[in-house]
Amino acid sequence: MVGATGALISLLISREGVCLSQAGELTSLNTTALAALVAGMFAATKEVATIVGENQFSILLQQGDRRHIHISLVGKRSMMVIVFEDYTRIGKVRMEAKKAGEAISRILEMPVEKAPDEEGEIYLPRFKEYALNLVDRIFRVDEEDDGAHQL
Amino acid sequence: MAHISSENQQIVFKLVYFGPGMSGKTTNLHWIHAQLAEKYRGELLVLDTEKERTLFFDFFPVSLGRVENYAIKFHLYTIPGQIHYEASRRLILEGADGVAFIADSRMGHLEKNIQSYRMMIDNMIDLRIPVDDFPVVLQYNKRDLEPLIELGSIERELGLSPGIPAIEAVASEGRGVMQTLRLLSMEVIRKFQL
């Protein structure tokens, strides 16, 4: 997508605001925050659509002075975000987003088959033990500063 | 439910700070952000009005480190507490792995807390979140502002099971804030399934 349109970045994000896949000049942008905010924008737009009697708007376009964002729905639970600079390429961006969106949507809607080693990749009891240790260490409670107690 | 990405090798848990307007949800997030070392925390986004009421949501990501080759991340969100932001609340609850319910302990605010908790349950049912087994931590915030509602009164009014973890807090001073986050995160990890 980035190659075909000359875009700065392209992201695939979930409706919950998590970045699923990304490509392009990622170091210049905070993609985690971008994903969370775009998901929020899209949800708000869905409500706006309802108010004006539409089910939802499938494309959102934000035009800036230098950079622009094209956001399109992919399947039922994802969105594609394309950040680009040359606004004369909007037609190309729109066309490529549609093509890629349809292809990704087909993949996402395929029945999920677990890879044979998928469960072996994360051994849950050990994962939980290590993750709990991290939480214990990082979300620490300083007893002197924290007068709270669990009821 | 947690978002597992094999491609990015990361697991993202979504924690939501829910509660009535002005109960201290944003204050909790600010405190957590200030307490965590820089290597763990991402940028804090605060989208509020000029009167410091959350308009859309507040958000920041926490990266705990790697376990079993997967980066573990927590995305912390607050909801706008005011009743008329129903749409934003539903969006933020969608895909949540756990909720910290931030209650306002001031006398006279009991009904607001109850109403907000009921709204949360209604939203969860709409989103098909299994309410009974869902990680929730109840924070009685503003324990420095007397007169106070009695501890346990929210659970009693709502008929909640007595096992729900509850914490006293003064979020503006950081009391109880990290403990709430820690309890909730642990509960979320314990209930995590592939």
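Mind checking the mean number of beta-carbon atoms from other chains within 10 Å of the Cβ atoms in B:11-18?
For peptide B:11-18, the averaged partner shielding equals 2.
Calculated from DSSP H runs of 4 or more alone, at -39500 (n - 2.57) each and per residue, what is the 222 nm mean residue ellipticity of chain B, nearest 500?
Helices in chain B give a 222 nm mean residue ellipticity of -9000 deg cm²/dmol.
Output the relative contact order of chain B, whole-number percent, from Cα pairs under 8 angstrom with separation of 6+ residues.
In percent, rounded to a whole number, it is 23.
Applying the Karplus parametrisation 6.51 cos²θ - 1.76 cosθ + 1.60 with θ = phi - 60° to the phi angles of the range A:13-28, what ³J(HN,Hα) value in whole Hz is obtained for each residue in order, glycine and proline being reported as x?
In residue order, the calculated couplings are 10, 8, 4, 7, x, 9, 6, 8, 7, 8, 8, x, 7, 6, 5, 7 Hz.
For peptide A:125-135, how many partner chain Cβ atoms fall within 10 Å of a residue's Cβ, on average?
Mean partner-chain Cβ count within 10 Å for A:125-135: 6.
If you line up the long axis of helix A:124-138 against the longest principal axis of chain A, both from Cα atoms, how many degrees apart are they, to the nearest 10?
The angle comes out near 80 degrees.
Using only the alpha-carbon atoms, how far is helix A:31-51 inclined from the longest principal axis of chain A? Give it as 0 to 90 degrees, nearest 10.
So the helix axis and the longest Cα principal axis differ by about 60 degrees.
Taking only C-alpha pairs under 8 Å that are 6+ residues apart, what is the relative contact order of chain A in percent?
That works out to 20 percent.
Quick one: grab the alpha carbon gyration tensor of the protein assembly as shown, order the square roots of its eigenvalues as a ≥ b ≥ c, and give me rounded if a/c is under 1.5, else prolate or oblate depending on whether a/b is larger than b/c.
Values: a/c = 1.87, a/b = 1.51, b/c = 1.24.
In terms of gyration-tensor shape, prolate.
Angle check, please: helix A:90-108 long axis (alpha carbons) against the longest principal axis of chain A (alpha carbons), in degrees 0 to 90, nearest 10.
50
Please average, across the residues of A:10-17, the number of beta carbons from any other chain that are within 10 Å of each residue's own beta carbon, and give a whole number.
Mean inter-chain Cβ contacts per residue within 10 Å come to 4.
Just so you know, all these numbers are worked out from the coordinates, no wet-lab data involved. On a predicted model such as this, the values are computed, not experimentally measured, just so you know. No Cβ is skipped: glycine too gets one built from the backbone with ideal geometry, and neighbour counts run over all protein chains shown.
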